[in-house]
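For reference, the structure discussed in these notes is given below.
The values are calculated or read from the model by the stated rules, or taken from the named source; none is laboratory data. No experiment lies behind these values; they were computed from the predicted model shown. All Cβ positions, even for glycine, are placed from backbone atoms using ideal geometry, and neighbour counts span all protein chains on display.
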Amino acid sequence: MKQFTEKLKGGSAYLYLIPCFLVFAVFLFYPFVKTIYLSLFLTDKLGQAKIFVGLDNYTELLTSDSFYNSLLVTVIFVVIVVIGSMLIGLIGAVLCSKAFPGIRVFSTSYALPMAIASSGAAMIFKIILNPTIGILNKLTGLDINWIADPKYALICVAVLTAWLNSGINFLYFSAGLGNIDESIYERASVDGANGIQKFFRLTLPGLSPIMFYTLVVNIIQAFQSFGQIKILTAGGPGESTNVIVYSIYRDAFFNYRFGSAAAQSVILFLIIMALTLVMFKIEKKGVKY
Amino acid sequence: MSELLLKNVCKMYDRKQYAVRDFSLKIEDGEFVIFVGPSGCGKSTTLRMIAGLEDITSGELWIDKQLCNYVETKDRDLSMVFQNYALYPQMTVYDNMAFALQIRKVPKKEIDKKVHEAASILGIEHLLKQRPGALSGGQKQRVAIGSAIMREPKAFLMDEPLSNLDAKLRAQMRVELSELHKRLGATMIYVTHDQTEAMTLGTRIVVMKDGYIQQADTPKEVYDNPANRFVAGFIGSPSMNFFEGKIRPTDKGADFEFTNGLRLEIPENKAFALANEYRNKNVILGVRPEHFFAEVVQKDPKADYTKRTLSGKIVAREMLGAESMFYLEETFAGEFAVRLPVETKGRVGEEMALFVDMDRVHFFDADTEKNIFYRGGQQ
């Protein structure tokens, strides 16, 4: 009898998990499995699997220049976005870590990008970057067609994305700074450390746990950027801003090649998963205390 | 090593409330000065002003004949031990101790030598590779002190460094700190709320209350010659007993009269002054628990000891080992504590008559609470 109730207790845990699991199943596991399934087929225009082609979609991708271009563009994009957004967030958080009059205004404005819709921000950037009426060219006196020039388009989109993502980083870093004991700064002052030494010897190491978390989230987030690219450049000019996510969108909904799009999704998934795993491995060595 | 001079230093918060007022003190080279007082008396604030962690609202701070009010903390060349130790959590014990020297770009070999030297003094050599998170309170405290003694600063500042330790460890560290002071011969300023620490460690005690210095003197002077009722009550454990009453002149000199009319004879040396200045006025009598005796100790054959007796009902009795604490109650005198030899008889509920060592009692002005017989003292 006792054994039976214990078994029931063990089983009841799964019972509690069911509601959450159902939601996951419908919105996550089913689409995921379906994507893998689709990636092995040729589809019709409605996205129905028609002809089984095995790994043909994948081999086609891995031999196409366009796909490698997408990969390269994505890597550059992610690097700029992650470095940019973390720097902006970190600098903002450090500046706002000391109390001064008007700090609320500043903190709010640093955190604000978080609350701005990416497509809305992209619309505004489109005006700012406009070669004839845009304020950027007016202020700098340059005459550059930012969005239409393959040299600058990717950087523009990346900088916009970095700024958009910086809001949440600001919050993470502010929380991280709040966790650092104030008195170690006081001790460092008495010990004779100046501001820069304190930043590099105390603040940065103190932020290392949250820094890692932020890095992982930022990389994943950067890989998945879409709205601002669609509005601002639509993958162009040429294919200079055709990051994988946009390429998936284009293949699926313009070219109606759902099979190829699904295959790209699977590859993107594998890349992000591999990166995340690698970073968790590194974390165990890198993050102190 | 060096001397510190504070001149009328004040600290005001929010432009209305004084945390420290008119703090003037000269600290000589090699002194071990203790700031002691109840919480909120401004002792830590004063220490932090010396360190430069708090601005000085008004007044002057001189370190080694240099005005330091506006010198940055990092340039004052002091070292400090914090109440919570403030160890750098992400650094090993070694780096924690070496930090101040690494900042100063001291050669690595020299740092290494000094770290090991300090670690061996404090017995923490085996911990050098650990991080602070893995240490116990006592070990952290040693590391904090170790980091402080790496350099030869102008002065050591210590902000209640022992308050987080258990009683036994605290007693042990007290001895070690005292030895450390002798060994380094350094100027030390030490903040505590614990009067035992103050009495045992300091070469000079600065008793503070409500932002004011009450008395600054050697432990013995502060104990035997308190400036006012507050100092008398704060220093000494258990604290001094206070009784209200009046001075009544007699043909021999003067008596202290309790509110119910019971009188204690005042010895000649104090009687005349009291009879003159405080004739029939209210005073407060202060008697330390150890200045009561269960049996008469005839010091002065001429004195009439029957006139120096106070009795009360025992309400509690505590064994302290060699001695016993008796807590007595008397309707007109309130409750008072008495320290007597352990073999003294007396059970809770019984009446007990005690002789008061009137040569060692203190008289305080009822209005100003100042010690009527306070003998100047240094500042």
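The criterion of at least 3 residues that are over 20 Å from the mean Cα position of the chain (by Cα), within 13 Å of chain B (Cβ to nearest Cβ) and buried (at least 22 other Cβ atoms within 10 Å of the Cβ) is met by the following helices (runs of 4 or more DSSP H) wholly inside the stretch A:161-249: A:182-191.
If you check B:R21, B:R48 for being touching a residue at least 60 places away in the same chain (Cβ under 8 Å), within 14 Å of chain A (Cβ to nearest Cβ) and of a type in the set (D, E, K, R), only one passes: B:R48. Tell me, which residue of the stretch A:146-158 that is buried (at least 19 other Cβ atoms within 10 Å of the Cβ) and touching a residue at least 24 places away in the same chain (Cβ under 8 Å) is nearest to A:P131 (Cα to Cα)? Selected residue: A:I147. Here B:E176 does not fit the description of being within 14 Å of chain A (Cβ to nearest Cβ) and closer than 23 Å to B:D29 by Cβ. Checking each residue in the stretch B:182-223 for being among the β-branched types (V, I, T), surrounded by fewer than 19 Cβ atoms within 10 Å (Cβ to Cβ) and in a strand (DSSP E or B) picks out no residue at all. Scanning the stretch A:187-234 for residues being of a type in the set (D, E, K, R) and out of contact with any strand residue (DSSP E or B) (no Cβ under 8 Å at 6 or more places or on another chain) gives a total of 3.
Of note, B:R21 does not satisfy the criterion of being basic (K, R), touching a strand residue (DSSP E or B) at 6+ places or on another chain (Cβ under 9 Å) and farther than 27 Å from B:K209 by Cβ.
What tally of residues in the stretch B:149-181 results from selecting those that are part of a loop (DSSP other than H, G, I, E, B) and not aliphatic (A, V, I, L, M)? Residues in the stretch B:149-181 being part of a loop (DSSP other than H, G, I, E, B) and not aliphatic (A, V, I, L, M): 9 in total. Taken over the stretch A:113-132, the residue count meeting the criterion of being surrounded by fewer than 16 Cβ atoms within 10 Å (Cβ to Cβ) and within 21 Å of the chain's Cα centre (by Cα) is 8.
If we scan the stretch B:337-348, do we find a residue that is modelled with pLDDT under 85 and closer than 16 Å to B:A232 by Cα? Checked against the condition, which is being modelled with pLDDT under 85 and closer than 16 Å to B:A232 by Cα, the stretch B:337-348 yields no hits at all.
One residue stands out in the stretch B:60-85 among those that are within 7 Å of chain A (Cβ to nearest Cβ) and of a type in the set (A, V, I, L, M, F, W, C): the one that is surrounded by the fewest Cβ atoms within 10 Å (Cβ to Cβ), namely B:F82. Filtered by the rule that a residue be among the basic types (K, R) and away from chain A (no Cβ under 14 Å), the stretch B:104-113 gives B:K108, B:K109, B:K113. Residues that are surrounded by fewer than 24 Cβ atoms within 10 Å (Cβ to Cβ), more than 7 Å from chain A (Cβ to nearest Cβ) and under 18 Å from A:N179 (Cα atoms) within the stretch B:86-100 comprise just one, B:M91. The residues of the stretch B:123-148 that are in a helix (DSSP H, G or I) and free of Cβ contacts under 8 Å to residues at least 40 places away in the same chain, listed by number, are B:E125, B:H126, B:L127, B:A134, B:G137, B:G138, B:Q139, B:R142.
Considering (1) within 14 Å of chain A (Cβ to nearest Cβ); (2) in a loop (DSSP other than H, G, I, E, B); (3) within 19 Å of B:Y190 (Cα to Cα), the lone condition that B:S39 does not fulfil carries the number (1). Residues that are in contact with a Pro (Cβ under 8 Å, 6 or more places away or on another chain) and either under 28 Å from A:V216 (Cβ atoms) or aromatic (F, W, Y) (or both) are absent from the stretch A:185-195 altogether. Please verify whether A:Y110 is assigned to a helix (DSSP H, G or I), of a type in the set (S, T, Y) and buried (at least 19 other Cβ atoms within 10 Å of the Cβ), treating the condition exactly as stated. Judged against the criteria, A:Y110 is a match. From the list A:G47, A:G54, A:G84, which residue is of a type in the set (G, A, S), touching a residue at least 12 places away in the same chain (Cβ under 8 Å) and either in a helix (DSSP H, G or I) or touching a Cys at 6+ places or on another chain (Cβ under 6 Å) (or both)? Being of a type in the set (G, A, S), touching a residue at least 12 places away in the same chain (Cβ under 8 Å) and either in a helix (DSSP H, G or I) or touching a Cys at 6+ places or on another chain (Cβ under 6 Å) (or both) holds for just one of A:G47, A:G54, A:G84, which is A:G84. Per the listing B:F256, B:F242, B:F332, B:F230, the residue uniquely assigned to a helix (DSSP H, G or I) and either among the small types (G, A, S) or out of contact with any Pro (no Cβ under 8 Å at 6 or more places or on another chain) (or both) is B:F230. Selection of the stretch B:134-150 for residues being surrounded by fewer than 18 Cβ atoms within 10 Å (Cβ to Cβ) and within 14 Å of chain A (Cβ to nearest Cβ) yields only B:A134. In this structure, does A:I147 turn out to be outside any helix (DSSP H, G or I) and either within 14 Å of chain B (Cβ to nearest Cβ) or among the aliphatic types (A, V, I, L, M) (or both)? Here the answer is yes, as A:I147 does meet what is asked.
Out of all the residues in the stretch B:119-133, which are within 14 Å of chain A (Cβ to nearest Cβ), surrounded by 13 or more Cβ atoms within 10 Å (Cβ to Cβ) and not polar (S, T, N, Q)? Residues satisfying the conditions are B:R131, B:P132.
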